Amino acid sequence: MKGYLHLADGKTFQGHLQGSLAEEGIAGEIVFFTGMTGYQEVLTDPSYKNQIIVFTYPLIGNYGINDKDFESKKPHVAAVIVLEAAKTAYHYEARHSFTEYLEKWEIPLLEHVDTRELVKCIRQNGTMPAILSSGPVCELRCDTIEGIKVQEVSSKATESIGFGDTHIVLIDYGFKKSIADYLVKQNCLVTIVPYNYSFEQIAALKPDGVLLSNGPGDPKELFGQLHEIRKAIEHYPVLGICLGHQLAALALGGDTQKMLFGHRGANQPIYDVKSKRVFMSSQNHSYAVDSKSIGSTGLKVLFFNQNDQSIEGLYHEKFPLMTVQFHPEASPGPEDSVFIFEDFINTVKYKKRREVSYA
C-alpha cells in the first residue's frame, strides 16, 4: 500500500508502506544515517529513540539481522525510510531478514522513496518534525511531537557485568552495549546505574572511574543532573561519550547548541590536535558544544571535526576528564578511535596507583 512522509517544511514524499499505522500515523524527528552498513546497530541504538531514520545507502538489509550486533534489547527508531529494502538475508549468521525484524517489532517501513532528494531537504532545512501516514494529506502539528527523554531509555536499576580490579561506574543515559562490552574486554568491572543517580550513590559504589554514556535528546533537559556530574568530575577520572561529552561541558559551565542536521554516520573525519592526524569516526548526535562557551571553564579542545570544525573532544586542565563527541567503540564504523578507552583506563589505573602509594 502507499505511504506518505510529511515534513514540517511542507514537503511530502510518497513510497510503499510496509507495516500497519495508527490512524494518526507515526510522528518523530527525521534524521539521516550515511553508513553503508550497520543498520542493525542503528535500529537498536537508544540515541535514535523515537526518531524517523532515513538510510542514505540505496540498498539496506542485504546481510540480515544476526544475534550479535544488537546495541540494546529492542529497536528504538520510530520508523524507517529507504530506497530499497532487501527481503532476503544473504549472510550465514543472519537469523531474520531486515523486513522481518521491523515487522516483528511493528516498526513501519517506507520503501521506494527518493532518499537523495529527501536528504537534500534535511541538509538544507535541518532535522525537523515529520509524520508517516497512510494518507496523502496530513496535518502535522510540531508542538505535539514531544522531546526525547533520557528516562525512557535509561536503566531502572543497577547492574554489574564483567570482572577485574578496575571498577567503572557507567551512568546510563541510553548507553550502547558495545561501550560496556569494550570495558569488560579490558578487564573492568562495570556497574551500570540509572541516569539520575546522585554523586553520593555513585561514591558509595567506590568506583575507580566514571563513564558518562551516550543517549538521546537535548542535553539541557538534564539540567538537574549537572551538579552531580560536576562532583563526579571533581573526584574521579571521567570519560564522556556523545551526550556524556555534552553534559560534562555543561556541568563545567560550557554551553551546547543544536546543529542544523547533526552528524550521523560511520565516516566523520576527526582532527587530533595533539598528534595532528586525522582519523575516521562513527557518530550520532544533533547537538554540539559551543566553542565560544568554554573559554573560562578549564576545558581545552582535544579533537575537532575536519568537515565543519565543531568540537569533537575535550580535556580539562585540572581534572582527569576526557570527552568525545564520536563513538570510540564504533559499532557500526571504523575502530580508529578505540585508543580512547585505553587512555581512559590507563588514567584510571594511574590515579588508583597514586592513591595507594599515598595511603
Exercise. Mind listing whichever residues of the range 161-177 are closer than 27 Å to His285 by Cα and among the small types (Gly, Ala, Ser)?
Key: Gly174
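Inside the range 252-359, counting only strands (runs of 3 or more DSSP E) that do not spill past its ends, which hold 1 or more residues that are more than 28 Å from Phe32 (Cα to Cα)?
299-305, 311-316, 321-324
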Quiz item: How about the range 181-215: which of its residues are among the aliphatic types (A, V, I, L, M), more than 20 Å from the chain's Cα centre (by Cα) and not in a helix (DSSP H, G or I)?
Solution: Leu189, Leu205
Quiz item: Tell me, which residue of the range 12-26 that is of a type in the set (Gly, Ala, Ser) and in contact (Cβ under 8 Å) with a residue 40 or more places away in the chain is nearest to Thr115 (Cα to Cα)?
Solution: Gly15
Exercise. Write out, first by first residue and then by second, each pair whose Cβ atoms fall under 7 Å of each other, whose residues are 6+ apart or on separate chains, and whose first residue, in the range 161-175, is free of Cβ contacts under 8 Å to residues at least 40 places away in the same chain while the second is of a type in the set (Val, Ile, Thr) and assigned to a strand (DSSP E or B).
Key: Ile161/Val190; Gly162/Val190
Practice problem: State all residues of the range 154-180 that are touching a His at 6+ places or on another chain (Cβ under 9 Å) and part of a loop (DSSP other than H, G, I, E, B); if no residue qualifies, say none. | Solution: Gly174, Lys176
Quiz item: Which one is surrounded by the most Cβ atoms within 10 Å (Cβ to Cβ) among residues in the range 54-74 that are in contact (Cβ under 8 Å) with a residue 40 or more places away in the chain and outside any loop (DSSP other than H, G, I, E, B)?
Solution: Val54
Exercise. Show the residue pairs that are 6+ apart or on different chains and have beta-carbon atoms under 9 Å apart, the first residue being within the range 264-276 and more than 25 Å from Gly126 (Cβ to Cβ), the second being part of a strand (DSSP E or B) and among the basic types (Lys, Arg).
Key: Val273/Lys300
Quiz item: For the range 206-226, which residues satisfy the criterion of being surrounded by fewer than 23 Cβ atoms within 10 Å (Cβ to Cβ), under 21 Å from Lys352 (Cβ atoms) and in contact (Cβ under 8 Å) with a residue 40 or more places away in the chain?
Solution: Asp208
Practice problem: Taking only the range 26-46 into account, find how many residues are open to solvent by 10 Å² or more (accessible area, probe 1.4 Å) and of a type outside the set (A, V, I, L, M). | Solution: 5
Quiz item: So which residues in the range 259-296 are surrounded by fewer than 19 Cβ atoms within 10 Å (Cβ to Cβ) and among the polar types (S, T, N, Q), if there are any at all?
Solution: Asn267, Ser275, Ser291, Ser293, Ser296
Quiz item: Can you find a residue in the range 234-241 that is open to solvent by 10 Å² or more (accessible area, probe 1.4 Å), at pLDDT 95 or above, among the aromatic types (Phe, Trp, Tyr) and not in a loop (DSSP other than H, G, I, E, B)?
Solution: no
Quiz item: Tally time: how many residues in the range 176-194 are surrounded by fewer than 23 Cβ atoms within 10 Å (Cβ to Cβ) and touching a residue at least 40 places away in the same chain (Cβ under 8 Å)?
Solution: 6
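The values are calculated or read from the model by the stated rules, or taken from the named source; none is laboratory data. Small disclaimer: the values here were computed from a predicted structure and weren't measured. When we count neighbours, we look across all protein chains shown, and the Cβ atoms used for this are built from the backbone with ideal geometry, even at glycine. Areas reflect the complete protein model, heavy atoms only, side chains present, ligands, DNA and RNA absent. Shrake-Rupley method; radii C 1.70, N 1.55, O 1.52, S 1.80 Å.
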